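The values are calculated or read from the model by the stated rules, or taken from the named source; none is laboratory data. Quick caveat, the model's predicted, so the values are computed rather than measured. Glycine also receives a Cβ, built like all others from the backbone with ideal geometry; neighbour counts cover every protein chain displayed.
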Amino acid sequence: MRTHRFSSLFQSFAVLVLAGLWTVAAASQAAKPHSPKVVVISLDAFAAESLHDPHLPIPTLRALMKNGAYARSMQPINPTVTWPNHTAMVTGMDASRHHLLVNGLIVGQRTDHSPAVIPGASKTELVAVPTVYDAAHAAGLTTAEVDWVAVSGADAITWSFAEHPDPSAIIPQEMIQNGEISREDLVNFGRPSQAWRDRMYTQAAVDILRKHHPDLLLMHLLTLDSIEHGTGFGNDSGRNTIAFLDDRVKDIVDAVREDGDLDNTTFLIVSDHGQNSVHKYLHADVLLRQAGLQATDCKTKTFSLADGGFALVYQQQATPASVIALKKLFEGKPGIRAALVPAEAAKDGWPTPEQSNQAANLLLYAQNDYSFRGEPAGVEFVTDGLESGNHGYPNTEPRMQAIFIAAGAGIRPVGEIPAFANVDVAATIAQLLHVQMPSIQGKPLIQILK
């Protein structure tokens, strides 16, 4: 009896002690501030001009704007295409420093054939400078990406759902187990519509946020860019697509709220560039062939790489005199806005051939309503076509300007702020996460930070 009573008293005492320890631990946890988290959502091709349409159906974005800060516009770097500008936003550097000029790695330039682009190249091959996710990883933080660019093989990314996801990777496997996607869908990921893929990207981001709680999430949605490339800028197809994307942003905000991380999460909604409508197409190789620069016996073979509003021209054994001759070949031709030698292009943030083998011997810019295309076009330098959307024009063009919205933890509700350069985004992320990015071109947007 005495032993039983002692045992009961001991058990009661142990329960009280454990309860006390649990209460202390809970109080300690409650007193400990949550670590800051940043979610970056890029809505590809969302032009600043669209954001200022008062009738645009974007209740989620408007709520974030009302409770935070937004830019009149955000200026992209040159070239105004997707991968270079996403890379600028995470490196704080323009293309003269990070060296990414197209949506992948340029190969075969200055050879006997046309150059090509490898989108599957590794991050180390593509990006010449450190990124904010490198800095976050080095500081012991966790990072995640969903359809971000130029991140293949990046050791500093903790959780990943790639543009073309590997069915055997961790996050795709978790989604299969949850019944959110099938292995067959992952194997054939490119077949359905871009809208379906953006839903899957959003679901992947939601799952990562809820299960893995990354300190930094980079997410990229492509539906608007896809629609506008096919139909042009400023029509109902684009506006309806923006409404669809607003719902995807809501999905992300709701997931953060439901998981209890809303008070310590900052949302940055950005885009990489805008879009121009075009009706005429330029085929630079036509002029190069006519000038004999692609002939079998030519020792200075020259080929172009078209990318919408600009084209890169590469020449074997180029000399200052041969490059000037190239410039004269294109100057004054229909649809040509400018033909720039490397020293001229460098003034607009392009690398030179001495800095990077990605850089061209001549940079061509198209005039508005014209776009460079690379497919064979017979003997015509200029062809007419159906309306489409394109970017890649100089970053001073109004339609190339991007969006920036910031809301949540650490952001002051200051409303509209003046335009700024997108290299400031990386510095702002670093400031929010308390990590260091020394010697970058961008500066933190201190006017919006608490």
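Numerical summary
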quantity: Residue among Ala71, Ala95 that is in contact with a strand residue (DSSP E or B) (Cβ under 7 Å, 6 or more places away or on another chain) and closer than 18 Å to Asn422 by Cβ; calculated: Ala71
quantity: Pair list, Cβ < 6 Å and 6+ apart or interchain, from region 242-271 residues that are buried (at least 22 other Cβ atoms within 10 Å of the Cβ) and of a type in the set (A, V, I, L, M, F, W, C) to residues that are at pLDDT below 95 and not in a strand (DSSP E or B); calculated: none
quantity: Test: residue in region 139-147 that is part of a loop (DSSP other than H, G, I, E, B), assigned by TED's automatic domain parsing to the domain that holds Thr87, under 29 Å from Arg248 (Cβ atoms) and within 16 Å of the chain's Cα centre (by Cα); calculated: yes
quantity: Among residues of region 283-306, those that are within 33 Å of the chain's Cα centre (by Cα) and not in a helix (DSSP H, G or I), counted; calculated: 6
quantity: Answer residue from region 72-117, given it is of a type outside the set (A, V, I, L, M, F, W, C) and in a strand (DSSP E or B) and is nearest to Ser226 (Cα to Cα) among those; calculated: Gly104
quantity: Residue match in region 421-441 (condition: farther than 18 Å from Val132 by Cβ and either part of a helix (DSSP H, G or I) or among the aliphatic types (A, V, I, L, M) (or both)); calculated: no
quantity: Pick from region 393-413, criterion more than 25 Å from Ser277 (Cβ to Cβ) and of a type outside the set (A, V, I, L, M), ranking: surrounded by the most Cβ atoms within 10 Å (Cβ to Cβ); calculated: Gly408
quantity: Flag for Pro320 being out of contact with any strand residue (DSSP E or B) (no Cβ under 7 Å at 6 or more places or on another chain), exposed (fewer than 14 other Cβ atoms within 10 Å of the Cβ), free of Cβ contacts under 8 Å to residues at least 24 places away in the same chain and not assigned by TED's automatic domain parsing to the domain that holds Ile227; calculated: yes
quantity: Among (1) in contact with a Leu (Cβ under 9 Å, 6 or more places away or on another chain); (2) under 24 Å from Gly68 (Cα atoms), the one test that Phe381 misses; calculated: (2)
quantity: Unique residue being farther than 18 Å from Gln401 by Cβ and at pLDDT 95 or above when the list is Arg97, Arg72; calculated: Arg97
quantity: Complete set of residues in region 51-71 that are part of a loop (DSSP other than H, G, I, E, B), over 27 Å from Ser371 (Cβ atoms) and either touching a residue at least 40 places away in the same chain (Cβ under 8 Å) or among the aliphatic types (A, V, I, L, M) (or both); calculated: Pro57, Ile58, Gly68
quantity: Residue pairs meeting the criteria (Cβ under 8 Å; at least 6 apart or on separate chains; first more than 16 Å from Phe161 (Cα to Cα) and without any contact (Cβ under 8 Å) to a residue 24 or more places away in the chain, in region 180-196; second surrounded by 13 or more Cβ atoms within 10 Å (Cβ to Cβ) and of a type in the set (D, E, K, R)); calculated: Pro192/Asp185
quantity: Test: residue in region 343-361 that is in contact with a Lys or Arg (Cβ under 7 Å, 6 or more places away or on another chain), hydrophobic (A, V, I, L, M, F, W, C) and without any contact (Cβ under 8 Å) to a residue 60 or more places away in the chain; calculated: no
quantity: Meets criteria (in a loop (DSSP other than H, G, I, E, B), outside the structural domain of Ala295 (by TED's automatic domain parsing) and either at pLDDT 95 or above or not β-branched (Val, Ile, Thr) (or both)) for Val151; calculated: yes
